[in-house]
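Worksheet: one structure, shown below.
The values are calculated or read from the model by the stated rules, or taken from the named source; none is laboratory data. Quick caveat: nothing in here was measured; it's all calculated off a predicted structure. Positions of Cβ are generated from backbone atoms using ideal geometry, with glycine treated the same way; all protein chains shown enter the neighbour counts.
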Amino acid sequence: MRINELVRQMDEKRWRSLNMIASENIASEAVSEALASDFANRYLIPEERPECIWDFPNQSYNREVARITEDLAKKLFVGEYADVRPLSGNNIAYIIITSHVPIGGTVFRIPDTCGGHFATVPICEREGINVVDIPFDRDTCEIDLEALRSLYRRHRPELIFLDASMVLFPQPTAGIRAAVGPEAVISYDASHPLGLIAGQGFANPLLEGADVVHGSTHKSMFGPQKGLIVCREDGEVAAKIRDNITPLFVSNSHVHHIAALGVALEELDLHGKVYARQVIRNAQTLAATLDAGNVEVFTTDKGYTQSHQIWAVIGDKDEAYRSFRALERINIHVNQIKVPFTDRYGFRIGASELTRRGFKEGDMRQVGELMVRCIRENAPPATLLGEVEAFALSKRRLSYSFDDDAALVEPAPTVALV
């Protein structure tokens, strides 16, 4: 029973820690119940399946769960087609790229130095697909739309793959569509802002000209580790994706994860608008607190962030690692990164999980002050650890879930903090 004991210890540690990993979140009891259900032992076989896939008996509940979940996804993301079979964000990247780009074709993607995802280039190299970096204006840290227009005319890519995993602001999807015209498929990896899009706190790419929005469902969205694809239209783009998923990438789509995703989407349907606004306000408040405490936070003329992420800039790689380890010792968890658009290192910090635990602006100021004392003031780790654990343990109730009516009180509109 050693594994079970580690499971129990991990479950307890989450409440004694301040987890600000931007790619993680915390699931509600209702989501966890679906994950632990008998669906975990069963197959989901779509009615419209390739002939090579056997049909299974006892599919009525399974298929109804998938139908409800897909309907909720279409509603929240304003699309005509949704697919819940993919297993993860990386799984989706392979599906999207190979659905639309032939061998020898071309993909435009976000450069690594501007926050692009690490998996895109290896996938394309393995499949014999050319990769071209989307041009950025390094002064504004935004896509250079005029340069993109010129580059598109030279290369004529089959796919514009907006694959950023480092996300402070929405991509200019409408401007990208205007620059490349109607022919290229635009697929927007929204793994990080997916929950904010569902809550209408972050620009919806499908309403601005993208063909596909997709991503993993456990970052700003508080679902299970799963993949979700939503297409603006149920047409040729959707058909290519649908036909590529099975049998090439998924046979059993893990129906317990689909059920859990459906529950998370139901919670977002009820609480998403309030949650999304609070996440952004919390991220902005934390950024301002760190900046005021002499921990530099990456910023542009638009401010620190309009998402769940902020980027703290510490120094060289060794300096960043020392600060990272210092935070780990006091149960504050962040990602160490090379900060996009710079030559320096620091942290990617996410506000989603703490928001789900009921943190508001005053709480985030307290979190920021604890981080400042650790990174800049070298306060004794034992003292800080005690303060962190006591503070964290005072926030054990999960908000924005079915058992939290208080979350329906809507905060004031979000404003950018510069």
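Remarks
- Test: residue in the stretch 305-316 that is assigned to a strand (DSSP E or B), modelled with pLDDT under 95 and surrounded by fewer than 23 Cβ atoms within 10 Å (Cβ to Cβ): no
- Checked across the stretch 46-53, the condition of being in contact with a Gly (Cβ under 7 Å, 6 or more places away or on another chain) and either over 28 Å from residue 156 (Cα atoms) or surrounded by fewer than 16 Cβ atoms within 10 Å (Cβ to Cβ) (or both) holds for no residue.
- When residues of the stretch 1-38 are limited to those that are among the hydroxyl-bearing types (Ser, Thr, Tyr) and part of a loop (DSSP other than H, G, I, E, B), the one surrounded by the most Cβ atoms within 10 Å (Cβ to Cβ): 28
- In the condition set (1) touching a residue at least 12 places away in the same chain (Cβ under 8 Å); (2) surrounded by fewer than 21 Cβ atoms within 10 Å (Cβ to Cβ); (3) assigned to a loop (DSSP other than H, G, I, E, B), residue 79 is compliant with all but (2).
- Residue 389 buried (at least 16 other Cβ atoms within 10 Å of the Cβ), of a type outside the set (A, V, I, L, M) and touching a helix residue (DSSP H, G or I) at 6+ places or on another chain (Cβ under 6 Å): yes
- Against the test of being part of a helix (DSSP H, G or I), buried (at least 24 other Cβ atoms within 10 Å of the Cβ) and over 22 Å from the mean Cα position of the chain (by Cα), the options 265, 286, 290, 261 yield a single qualifying residue, 290.
- In the condition set (1) surrounded by fewer than 22 Cβ atoms within 10 Å (Cβ to Cβ); (2) farther than 30 Å from residue 44 by Cβ, residue 134 is compliant with all but (1).
- Hits in the stretch 219-253 - residues which are among the aromatic types (Phe, Trp, Tyr) and within 21 Å of residue 204 (Cβ to Cβ): 222
- For the stretch 104-147, the candidate set comprises residues that are free of Cβ contacts under 8 Å to residues at least 12 places away in the same chain and not in a loop (DSSP other than H, G, I, E, B); within that set, the residue that is nearest to residue 340 (Cα to Cα) is 112.
- Answer residue from the stretch 63-116, given it is closer than 30 Å to residue 299 by Cα and of a type in the set (Phe, Trp, Tyr) and is nearest to the chain's Cα centre (by Cα) among those: 77
- Qualifying residue in the stretch 157-165 (condition: of a type in the set (Asp, Glu), over 22 Å from residue 216 (Cβ atoms) and without any contact (Cβ under 8 Å) to a residue 40 or more places away in the chain): no
- Within the stretch 148-176, the residues that satisfy the criterion of being in contact with a Phe, Trp or Tyr (Cβ under 8 Å, 6 or more places away or on another chain) and either within 18 Å of residue 99 (Cβ to Cβ) or not assigned by TED's automatic domain parsing to the domain that holds residue 130 (or both) are 157, 159, 160, 161, 162.
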